[in-house]
Structure formats: structure tokens, C-alpha cells
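Quick notes on the structure that follows.
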Amino acid sequence: MDIKFVDRNKIKRAKKRSSKFKPLLEALDKLEVGGDAIEVDYEDEKNVNSMRTAVYQYNKEKGVKIKTGKDAEKKKIYFYREE
């Protein structure tokens, strides 16, 4: 067995989320600080958690601060950008 250490930045990861949430991630690129929010319908809490996880990863990668708000009665989640 050949074991060696490699730089983590060189590891290519497959992101299953990127294809499912690609329209959301593309819309996040268009958000402006203090501007409009994105409204997304959801079916259940699992979808909300998956979307939020994808957005938090986007925040980390891009170095931005996108926050979320949820309207449980209307089953909508909102994404908006802060400084």
C-alpha cells in the first residue's frame, strides 16, 4: 500500500449539489448588498437544509455573506446579501 500526503487544495471533489442547485447558485452571483432578495419555494425541511448548506458553502468559497429567512406558512425561503 502506497500512502502519501497531498495538498487538500489539489483534491477535486464532485459536488452533487452544484447541479441540483445550479440555478440558485447562479442567482446568488447576481445578489447585491442591500438589494433584492431571492425567493425560493420548498417542499419540506430537508430541501431547506440542503439549500442552506449549499449557500453556506457558497459563502465560504466566495467570501461573501448571504443570509436566509424562511416563511413556513407559505413554504418559501429567502436569500439576501449583507456586507
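What to note about this one:
- Every pair of residues 6+ apart whose Cβ atoms lie under 7 Å, when the first sits in region 32-61 and is at pLDDT 90 or above while the second is exposed (fewer than 12 other Cβ atoms within 10 Å of the Cβ): V33/E82; V33/E83; N59/K65
- Within region 34-79, the residues that satisfy the criterion of being under 15 Å from F21 (Cα atoms) and either of a type in the set (S, T, N, Q) or surrounded by fewer than 11 Cβ atoms within 10 Å (Cβ to Cβ) (or both) are D41, E43, K46, N47, N49, S50, T53, Q57, N59.
The values are calculated or read from the model by the stated rules, or taken from the named source; none is laboratory data. Just so you know, these numbers come straight off a predicted model, no measurement behind them. As a convention, Cβ positions derive from the backbone with ideal geometry for all residues, glycine included, and neighbour counts pool all protein chains shown.
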